[in-house]
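First the structure, in the form of structure tokens, and then the observations on it.
The values are calculated or read from the model by the stated rules, or taken from the named source; none is laboratory data. Keep in mind that what you see is a predicted model, and the values were worked out from it rather than measured. Every residue, glycine among them, receives a Cβ derived from its backbone with ideal geometry; neighbour counts consider all protein chains shown.
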């Protein structure tokens, strides 16, 4: 796995975990400067166009990781569609300007601070798993791009 792909995977993971709310916010009026469409809307539209994927994703969420891998092997067409969706997300992320990337990082950092302790621990464990799977060269290149993570990892080792 290339480092840029790993970075984007981690970014996607952060986005996915930060999208869930720690507590319901209630009915708030929309901000005037808020965009009319949000990323969740795009996903909902896509899933409306592909109801078979919605069903498959709901089944996958309920499965253990081992069951999920076995099910995806039995259903290569669904696995292919999921990979295409991931590739499209990576492509969109690659096409962001540096300003957009910085804005996204700041937004993700803010959302990360609002996670519950359980969500933070789950995210930390997933990060550790991904780092453990990297080669030393990939890990070093990744940590060059994310020096704040280097400090956290060194703090965890102590």
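At-a-glance table
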| item | result |
| --- | --- |
| Number of positions in the stretch 107-127 that are without any contact (Cβ under 8 Å) to a residue 12 or more places away in the chain and either under 18 Å from residue 151 (Cα atoms) or surrounded by 14 or more Cβ atoms within 10 Å (Cβ to Cβ) (or both) | 6 |
| All positions within the stretch 133-152 that are modelled with pLDDT under 85 and either under 16 Å from residue 112 (Cβ atoms) or exposed (fewer than 10 other Cβ atoms within 10 Å of the Cβ) (or both) | 146, 147, 148, 149, 151, 152 |
| Criterion violated by residue 129 - all others in (1) at pLDDT 85 or above; (2) in contact with a helix residue (DSSP H, G or I) (Cβ under 8 Å, 6 or more places away or on another chain) satisfied | (2) |
| Unique match (being farther than 26 Å from residue 65 by Cα and either touching a helix residue (DSSP H, G or I) at 6+ places or on another chain (Cβ under 7 Å) or at pLDDT 85 or above (or both)) among 96, 108, 123 | 96 |
| Options 44, 27: the member that is assigned to a loop (DSSP other than H, G, I, E, B) and at pLDDT below 80 | 27 |
| Tally of residues being over 22 Å from residue 101 (Cα atoms) and either in contact (Cβ under 8 Å) with a residue 60 or more places away in the chain or in a helix (DSSP H, G or I) (or both) across the stretch 132-150 | 5 |
| Odd one out for residue 70 among (1) over 23 Å from residue 46 (Cβ atoms); (2) at pLDDT below 85 | (2) |
| Lone qualifier among 89, 85 - being surrounded by 12 or more Cβ atoms within 10 Å (Cβ to Cβ), in contact (Cβ under 8 Å) with a residue 40 or more places away in the chain and under 18 Å from the mean Cα position of the chain (by Cα) | 89 |
| Which numbered condition residue 96 fails, given (1) in a helix (DSSP H, G or I); (2) without any contact (Cβ under 8 Å) to a residue 24 or more places away in the chain | (1) |
